[in-house]
Amino acid sequence: MIRNSTSRKYLAEFVYGATDGTITTFAIIAAVSGASLAPVIILVLGFSNVLADGFSMAASNYLSEKSNDAVGGVNDNKHPVRTSFVTFVSFVVVGSVPLIPFVLLGNVEGINPFSVSIVATALTFLVIGFIRGYVARERGIRTALETLFIGGIAAGIAYGAGAFLETLF
């Protein structure tokens with residue numbers, strides 16, 4: 001079951017990786033769309049971000065856990081390799097969701113992949129928040145809406161930055 005002690009132990013890494021992966025990937029999509037750049041740029045930047053940033057977060061998580069262990073920090077029986085693996089996988093898998101509409105619908109007449117990506121991203125934030133609440137035994141609706149709100153702010157900032165920068169160039 002998802003509420004077991006192992007899933008609870010690595011909940012922070014899942015939430016951190018999945019949320020950051022979704023936010024940073026959608027930020028690229030929103031900024032490129034706001035700047036009215038070619039959709040292929042979304043795929044190039046999006047997938048390179050998912051892989052490179054996912055690895056960077058996993059490596060940082062690993063080094064952080066090792067440092068914590070070295071200085072006698074809180075011993076929560078987390079293994080640095082496992083924490084970094086959970087961070088990487090959640091970042092890459094969940095963070096790829098906003099890109100799926102561009103892969104599957106990029107050339108479909110009459111469908112705007114950016115609009116579909118907005119919906120997919122919002123649903124992803126809700127699911128991450130709900131899982132967080134479920135595993136932590138908190139109110140899933142509250143944690144889902146909280147995650148959606150925070151992710152929505154980040155998405156709005158990215159879109160606004162892209163739209164503003166497009167006016168400068």
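The values are calculated or read from the model by the stated rules, or taken from the named source; none is laboratory data. Since we're looking at a predicted model, the values are computed, not measured. Because the Cβ atoms are built from the backbone with ideal geometry, glycine has one as well, and the counts that use them run over all protein chains shown.
Can you name the residue in the stretch 64-76 that is of a type outside the set (Lys, Arg) and under 21 Å from Arg8 (Cα atoms) and is also modelled with the lowest pLDDT among such residues? Restricting to residues being of a type outside the set (Lys, Arg) and under 21 Å from Arg8 (Cα atoms), the top hit is Asn75. Which of (1) under 18 Å from Gly17 (Cβ atoms); (2) modelled with pLDDT of 90 or more; (3) not polar (S, T, N, Q) is the odd one out, the single condition Arg132 does not satisfy? So the condition that Arg132 fails would be (2).
Scanning the stretch 126-169 for residues that are farther than 15 Å from Leu11 by Cα and buried (at least 16 other Cβ atoms within 10 Å of the Cβ) yields Leu126, Leu145, Glu146, Leu148, Gly151, Gly152, Ala154, Ala155, Ala158, Tyr159, Gly162.
Here is a check on your reading of the model: is Val89 out of contact with any Leu (no Cβ under 6 Å at 6 or more places or on another chain) and crowded, with 17+ Cβ neighbours inside 10 Å? So Val89 passes the test. Scan the stretch 9-21 and give yes if some residue there is of a type outside the set (D, E, K, R), more than 23 Å from Gly152 (Cα to Cα), surrounded by fewer than 15 Cβ atoms within 10 Å (Cβ to Cβ) and at pLDDT below 95, otherwise no. For the stretch 9-21, residues of a type outside the set (D, E, K, R), more than 23 Å from Gly152 (Cα to Cα), surrounded by fewer than 15 Cβ atoms within 10 Å (Cβ to Cβ) and at pLDDT below 95: absent. For the stretch 27-39, the criterion of a residue being buried (at least 17 other Cβ atoms within 10 Å of the Cβ), touching a Phe, Trp or Tyr at 6+ places or on another chain (Cβ under 8 Å) and farther than 21 Å from Gly160 by Cβ is satisfied by no position. Listed conditions (1) more than 15 Å from the chain's Cα centre (by Cα); (2) surrounded by fewer than 18 Cβ atoms within 10 Å (Cβ to Cβ); (3) more than 19 Å from Lys9 (Cβ to Cβ) are all met by Ile100, apart from (1).
Only a single criterion out of (1) within 17 Å of Gly46 (Cβ to Cβ); (2) more than 17 Å from the chain's Cα centre (by Cα); (3) buried (at least 17 other Cβ atoms within 10 Å of the Cβ) is not satisfied by Lys78, namely (1). Of all residues in the stretch 32-45, those that are modelled with pLDDT of 85 or more and in contact with a Leu (Cβ under 9 Å, 6 or more places away or on another chain) total 3.
Selection of the stretch 54-96 for residues being more than 19 Å from Phe26 (Cβ to Cβ), touching a helix residue (DSSP H, G or I) at 6+ places or on another chain (Cβ under 6 Å) and among the hydroxyl-bearing types (Ser, Thr, Tyr) yields Tyr62, Thr83, Ser84. Which of the residues belonging to the stretch 54-70 are touching a residue at least 12 places away in the same chain (Cβ under 8 Å), under 20 Å from Pro98 (Cβ atoms) and surrounded by fewer than 18 Cβ atoms within 10 Å (Cβ to Cβ)? Listed by number, the list holds a single entry, Phe55.
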